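A.B. asks: Before I ask anything, here is the structure I am working with.
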Amino acid sequence: MDTDRGSNTAGHGGSEKEDDGNHLPDRRDLLKLGALGAGAALLGGSVSGMGGTRTGASRRPPARAASSTAPQELFAAPPMDVVRIGFVGIGGMGSVHVRNLLDIEGVQLKALCDIRPEHAERGREWVLEAGQPDPTLYTRGETDFVRMCEEEDLDLVYTATPWRWHVPVCVAAMENGKHAVTEVPAAYTMDDCWRLVETAEAQRKHCAMMENVNYGRWEMMVFHMVRQGVFGEVQHGEGGYLHDLRSIKFASEGEGLWRRDHAWTRNGNLYPTHGLGPVANCMDINRGDRFD
């Protein structure tokens with residue numbers, strides 16, 4: 001996208017049950033308690049010096065939220081011969097992804113959404129050049145993706161918008177019966193991370209972040225070398241992100257129109273999966289070992 005799509009209005013819903021005194025902490029509470037316990041262990045034990053004791057009824061965890069329990073069984077969608085996709089955000093990276101999708105057998109791009117009509121028209125030309133049917137265009141403003149999710153018969157919605165819109169697009173997709181995938185980062189607040197998880201569980205739809213750096217030529221080369229045993233047993237891995245972004249962040253077009261806002265107000269590696277993802281692959285994370 002070449003212009004900012006506006007502020008993220010995502011919040012966390014769900015009503016709380018009445019406190020009957022017998023509730024258990026939900027997943028959010030357990031994660032917080034686990035982190036607090038780990039911090040206390042590093043500091044030498046008691047957490048009483050960190051703002052009060054954690055004993056007694058007055059320190060009980062909050063009541064369980066209606067959508068806070070994990071499903072009993074993991075969700076798996078049946079395979080599809082043709083995946084009908086609606087794409088949101090056909091700017092810089094979005095253009096790359098649209099053209100890549102058109103090279104994949106079994107993909108049909110049925111709808112294209114962008115706040116700039118010329119971007120959607122450009123995507124339409126690529127779809128027609130690939131021999132696919134004329135896609136429907138959605139260009140009526142920054143929330144027209146909602147109308148696309150409501151009206152189109154799609155299997156999957158893919159977003160490559162400015163970051164603040166990743167969660168709203170994915171939630172709109174899942175709440176309208178579509179799977180959702182997003183460019184990095186999927187979210188940048190804890191509440192929005194939980195919103196994606198809980199919406200996916202409630203709607204029984206997949207929601208994934210498309211971490212393209214996992215599949216770069218150098219990353220795949222090292223991954224292959226690890227699998228071939230070139231380095232022996234891998235005991236340590238480091239990942240970072242070395243990318244001079246000055247030309248982008250100071251640009252008066254494209255990502256510069258929204259991305260530098262994050263650099264002004266936030267300090268850190270704003271999408272660490274570029275470095276972490278390839279290391280996780282090499283160390284078989286979630287295929288035996290897990291991050292703790």
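A.B. asks: Being of a type outside the set (S, T, N, Q) and at pLDDT 95 or above: is that true of ALA77 here?
C.D. replies: Answer is no for this residue.
A.B. asks: Would you say ARG164 is under 23 Å from ALA208 (Cβ atoms), in contact with a helix residue (DSSP H, G or I) (Cβ under 7 Å, 6 or more places away or on another chain) and either among the acidic types (Asp, Glu) or not in a loop (DSSP other than H, G, I, E, B) (or both)?
C.D. replies: No: the conditions fail for ARG164.
A.B. asks: Could you identify the single residue in VAL171, VAL197, VAL181 that is in the same structural domain as ILE115 (by TED's automatic domain parsing), under 17 Å from VAL88 (Cβ atoms) and without any contact (Cβ under 8 Å) to a residue 40 or more places away in the chain?
C.D. replies: VAL181
A.B. asks: Check ALA180, ALA208, ALA251, ALA186 and return the single one that is among the aliphatic types (A, V, I, L, M), part of a loop (DSSP other than H, G, I, E, B) and within 18 Å of HIS97 (Cβ to Cβ).
C.D. replies: Checking each option against the conditions leaves just ALA186.
A.B. asks: So which residues in the range 229-265 are on the phi > 0 side of the Ramachandran plot and either surrounded by 12 or more Cβ atoms within 10 Å (Cβ to Cβ) or of a type outside the set (Gly, Ala, Ser) (or both), if there are any at all?
C.D. replies: Of everything in the range 229-265, just one residue is on the phi > 0 side of the Ramachandran plot and either surrounded by 12 or more Cβ atoms within 10 Å (Cβ to Cβ) or of a type outside the set (Gly, Ala, Ser) (or both), namely GLY254.
A.B. asks: Which pairs turn up if I take residues in the range 81-99 that are within 23 Å of GLY177 (Cβ to Cβ) and look for partners that are of a type in the set (Gly, Ala, Ser) and surrounded by fewer than 20 Cβ atoms within 10 Å (Cβ to Cβ) with beta carbon separation below 8 Å, at least 6 apart in sequence or on another chain?
C.D. replies: ASP81/GLY106; VAL82/GLY106; VAL83/GLY106
A.B. asks: Given the criterion in contact with a Phe, Trp or Tyr (Cβ under 8 Å, 6 or more places away or on another chain), outside the structural domain of ALA160 (by TED's automatic domain parsing), under 20 Å from VAL96 (Cα atoms) and not polar (S, T, N, Q), identify the matching residue among HIS243, HIS274.
C.D. replies: That would be HIS274, the only listed residue that is in contact with a Phe, Trp or Tyr (Cβ under 8 Å, 6 or more places away or on another chain), outside the structural domain of ALA160 (by TED's automatic domain parsing), under 20 Å from VAL96 (Cα atoms) and not polar (S, T, N, Q).
The values are calculated or read from the model by the stated rules, or taken from the named source; none is laboratory data. Predicted model only: the values in this text are computed from it and were never measured. Glycine gets a Cβ as well: all are built from the backbone with ideal geometry, and neighbour counts include every protein chain shown.
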